[in-house]
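Following: one structure in structure tokens, then a few remarks.
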Amino acid sequence: MSITSAAEATSICHTTSSEPETGRSIGTNGAETLGTATGVPAPSRHFRADKIFAHKDRLREWLRTGSAVPVTMEMDMTNVCNQKCPHCFGFYPERDQARMCLEEAKRIIREARILGVRGLTFTGGGDPMIHPDTPAAVAFAAEEGLDVGFITNAQKMTQAAADVISRCCVWVRVSLDAATPEVFFKTHGMGPKQWETVLNNVRLIVSCKARQGSRATVGVGFLTCEKTRADVRAFAKLGRELGVDYAQYRPLLSRHGEKEIDYSDESLISDMLAAQKEFQTDAYRVVCSEHKYRRIAQGRVGRTYGKCHGQFFATVVGADKKMYVCCHMRGVEKYEIGDLSKKTMSEIWNGEEHRRVAASVDFADCTQLCRADSFNNILWDLSEGKAALEDNPDEEEWEHRNFI
């Protein structure tokens, strides 16, 4: 075992230099411009839908063969969580006690690197910090040469873990979904004591980043819906006070098997735009999943493409060590593409079962505005000859280019 503790793990991770490392895309915190025809906050370089063009080699492979090696992979260390979010996306139909041991996680990470995955996000499932070996797995992924992202509720964050995560990750996002204890209870099912713990742990991550001179981008996330709308403005203010690099708004999505969410209330977009204008600075961005809110503002939340091609560019490994077509289908047996306790990742990805499941994706099972929706529109136009790779730039300063 090459890494046995979070303290040991810090030695192999990435530190600041005057130039970005080869293959890594760490951007600057320049202020985004306001104003679009729809009144949506301007897109951040983190979340632009066209970032998939940073991987033209994979796009050419897909156009030639109908498949591609995934650029981005999500990985769940555990399905166990310490919070009680009523709208949890963790695992269908409900979270269980599944977890990976460190050696299993290392094997899967190594297989992902061999397959050609470029960006790996530790998420859930449950909260990754519930698993004591997650910091060591993060460090191992960075040692393998993968860009690493990290999503957590931060309630169980420790000094040692924050040191590893801020050194080894390209980006870290804490799911707050509130700016007050009252809304935090509605969204995470936890009380004022836990709220203060989470805020203090965000400050801990920020301080670790500053002390180490880390280039990791640290942000906080907020799901917009009727339940959270009272905190939209205050969330942007809170993010700036916490010292993070950005605060991100994203629309709440329906889960597998649930009815679609009503997105007709456009006042949320106005509230976000006002918050951006009031609180954004040169060092702190207020951003959103711009492509999703633009479509909400235009009343176009339905699909305009005929097939899900995005599943070939982003995949997920659950804590049960099974691979699924996308993050929205964790635990859905119909959309399992293989079991990593029985086959290697390459065998699964290039296997007949994956091809069968990929061809069977039924949009009736899928949520609107899904994770792959933005680049699915691009991929559909490419596949139908409505766009060409040559019409899009070869080089752009896409931020976090290996996370599409």
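The values are calculated or read from the model by the stated rules, or taken from the named source; none is laboratory data. Please read all numbers here as calculations on a predicted model, not as lab measurements. Cβ: placed from backbone, ideal geometry, glycine included. Neighbour counts: every protein chain shown. Note: accessible area is taken over every heavy atom of the protein model, side chains too, but ligands, DNA and RNA are not part of it. Shrake-Rupley method; radii C 1.70, N 1.55, O 1.52, S 1.80 Å.
Points worth noting:
- The share of accessible area on segment 177-253 that comes from carbon and sulfur is 56 percent, using a 1.4 angstrom probe.
- Inter-part distance where segment 199-213 and segment 323-351 are each reduced to a Cα centre, Å: 36 Å
- The relative contact order of segment 288-350, computed from alpha carbon pairs under 8 Å that lie at least 6 residues apart in sequence, is 19 percent.
- Global geometry of segment 98-216, whether rounded, prolate or oblate, following the gyration tensor of its Cα atoms and the 1.5 cut on a/c: prolate
- Sum of side-chain charges, Ser67 neighbourhood, beta-carbon under 15 Å (Lys, Arg +1; Asp, Glu -1): +1
- A Förster radius of 51 Å, combined with the Cβ-Cβ distance separating Ala387 from Lys193, puts the computed FRET efficiency at roughly 0.45.
- Accessible area (Å², 1.4 Å probe, nearest 10) - Asp391: 120 Å²
- Rounded to 5, percent antiparallel among DSSP beta bridges of segment 44-160: 10 percent
- A cut-off under 15 angstrom between Cβ atoms defines the neighbours of Glu196, and their net charge, with Lys, Arg +1 and Asp, Glu -1, is +1.
- Options Cys225, Gln212, Cys88, ranked by Cα towards positive dipole end of segment 87-229, top entry (Cβ charges): Gln212
- Measuring nothing but how far apart in sequence close Cα pairs (under 8 Å, 6+ apart) lie, relative to its length, segment 294-404 scores a relative contact order of 26 percent.
- Relative contact order for segment 114-243, counting Cα pairs under 8 Å that sit 6 or more residues apart, in percent: 24 percent
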